[in-house]
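Trainee: For reference, the structure I am asking about is given below.
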Amino acid sequence: MSEARSYLELHFRDLEQQRETAELGMWVFLMTELLLFGGLFTAYTVYRSTYPQTFALASHELSAPIGTINTAVLLVSSFGVALSVHGAQVNGRKRLLVGLAVALLLGIVFLVLKGYEYHDHYVHHQVPGLDFAWTRPQPEQAQVFFFLYFLMTGVHAVHLIIGIAIVTVLWFQSYRRRYSPEYYTPVEVGGLYWHFVDVIWIFLYPLLYLIR
Amino acid sequence: MTTRVVSESTYIFVLLALLVLTVVTYLVSRVDLGKLNVVIALAIAATKVSLVALYFMHARYSSRLTRVVIGAGLAWLAILLTLTLTDYVTRTKF
């Protein structure tokens with residue numbers, strides 16, 4: 001109990017209330033993030049409904065296999081984070097460390113694949129503002145698609161990089177036995193952030209890669 | 001202290017469902033269904049997001065206050081999307 005008390009900040013009644021407050025705070029933050037991405041999705045919806053044919057053509061320039069693999073990569077990484085929370089809850093140290101490590105590695109795999117795609121777009125003159133070239137009709141419309149593609153996947157990638165930083169800290173703290181079934185709030189709350197980044201990608205994947 | 005420990009088998013089942021739905025999304029997108037394509041893609045994405053939120057993010061087991069916050073976030077998102085789109089869907093092309 002003395003150990004549990006040391007985790008408790010003095011302005012909370014008990015650890016339960018402290019944990020719920022932290023979780024609520026993260027959810028409030030994630031809802032503001034939802035509206036940030038919501039603005040981008042709204043812009044996307046408007047332009048896709050305005051230029052449907054060009055958006056379909058431009059979408060075919062993206063690699064659907066890489067997009068699909070990256071979706072699976074993020075889903076498994078989220079599973080790793082979920083397992084790590086489970087490990088923290090039941091005092092499963094190995095599960096906690098392995099779950100976080102899996103998420104960390106897969107997060108990096110995602111970024112490497114994304115970087116490979118970005119390089120491919122750069123080589124094929126598909127980056128708006130650099131030397132955008134489009135030999136088919138309506139280059140100005142294709143440019144809008146690619147702009148939205150880079151903006152949405154870019155903002156998503158920034159979030160993933162922050163997520164990787166958070167999970168790295170969580171891993172080292174777990175390694176130093178900072179968490180226990182009594183106190184694992186950072187794992188739970190950091191996990192919420194990681195899952196949210198996954199949630200955004202779940203929508204980006206069909207909307208950007210799979211337009212017919 | 002009430003902890004909501006979700007069993008490992010639940011997590012594994014959710015992961016498998018998410019991966020299967022990803023493959024289904026990809027396969028459906030290869031078939032021409034006209035306007036249904038985007039509807040199906042969004043329906044599958046919404047299902048996947050619900051699974052992640054309810055089980056991985058423990059929304060299913062969270063406090064009523066947290067659920068209100070999630071509901072409010074979704075409501076604001078709906079307002080953002082629908083009010084913006086009322087302009088675009090009501091425009092007459094001249």
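Trainee: Which one is farthest from A:W201 (Cα to Cα), of the residues in region A:146-187 that are of a type in the set (G, A, S) and modelled with pLDDT of 95 or more?
Mentor: Within region A:146-187, the match that is farthest from A:W201 (Cα to Cα) is A:S174.
Trainee: Which is within 14 Å of chain B (Cβ to nearest Cβ), in a helix (DSSP H, G or I), buried (at least 21 other Cβ atoms within 10 Å of the Cβ) and under 15 Å from the mean Cα position of the chain (by Cα), of A:L207, A:L192?
Mentor: After applying the criteria, what remains is A:L192.
Table: residues versus (1) small (G, A, S); (2) touching a helix residue (DSSP H, G or I) at 6+ places or on another chain (Cβ under 7 Å); (3) surrounded by 14 or more Cβ atoms within 10 Å (Cβ to Cβ).
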residue	(1), (2), (3)
A:V102	no, yes, yes
A:L106	no, yes, yes
A:F110	no, yes, yes
A:E117	no, yes, yes
A:V123	no, no, no
A:G129	yes, no, no
A:L160	no, yes, yes
A:L170	no, yes, yes
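Trainee: Looking only at region A:108-139, filter to residues that are in contact (Cβ under 8 Å) with a residue 24 or more places away in the chain and of a type in the set (S, T, N, Q); which one of those is nearest to A:H156 (Cα to Cα)?
Mentor: It comes out as A:Q126.
Trainee: Looking at B:R60, B:R67 in this structure, which one is of a type outside the set (G, A, S), surrounded by 11 or more Cβ atoms within 10 Å (Cβ to Cβ) and more than 10 Å from chain A (Cβ to nearest Cβ)?
Mentor: Residue meeting the stated conditions: B:R60.
Trainee: In region B:3-39, how many residues are surrounded by fewer than 17 Cβ atoms within 10 Å (Cβ to Cβ) and on the phi < 0 side of the Ramachandran plot?
Mentor: 23
Trainee: Is it the case that region A:57-65 has a residue that's closer than 23 Å to A:Y122 by Cα, within 10 Å of chain B (Cβ to nearest Cβ) and free of Cβ contacts under 8 Å to residues at least 60 places away in the same chain?
Mentor: For region A:57-65, residues closer than 23 Å to A:Y122 by Cα, within 10 Å of chain B (Cβ to nearest Cβ) and free of Cβ contacts under 8 Å to residues at least 60 places away in the same chain: present.
Trainee: Still on this structure, I have one more. Going by what's in this entry, would B:V14 be described as more than 7 Å from chain A (Cβ to nearest Cβ), under 20 Å from A:L30 (Cβ atoms) and either in contact (Cβ under 8 Å) with a residue 12 or more places away in the chain or assigned to a helix (DSSP H, G or I) (or both)?
Mentor: For B:V14, the condition - more than 7 Å from chain A (Cβ to nearest Cβ), under 20 Å from A:L30 (Cβ atoms) and either in contact (Cβ under 8 Å) with a residue 12 or more places away in the chain or assigned to a helix (DSSP H, G or I) (or both) - is met.
Trainee: Using the structure shown, decide if A:G39 is surrounded by fewer than 20 Cβ atoms within 10 Å (Cβ to Cβ) and either under 23 Å from B:L51 (Cβ atoms) or free of Cβ contacts under 8 Å to residues at least 40 places away in the same chain (or both).
Mentor: Judged against the criteria, A:G39 is a match.
The values are calculated or read from the model by the stated rules, or taken from the named source; none is laboratory data. Everything quoted here is computed from the prediction, not taken from an experiment. In this analysis, Cβ positions are derived from the backbone assuming ideal geometry, glycine residues included, and neighbour counts consider all displayed protein chains.
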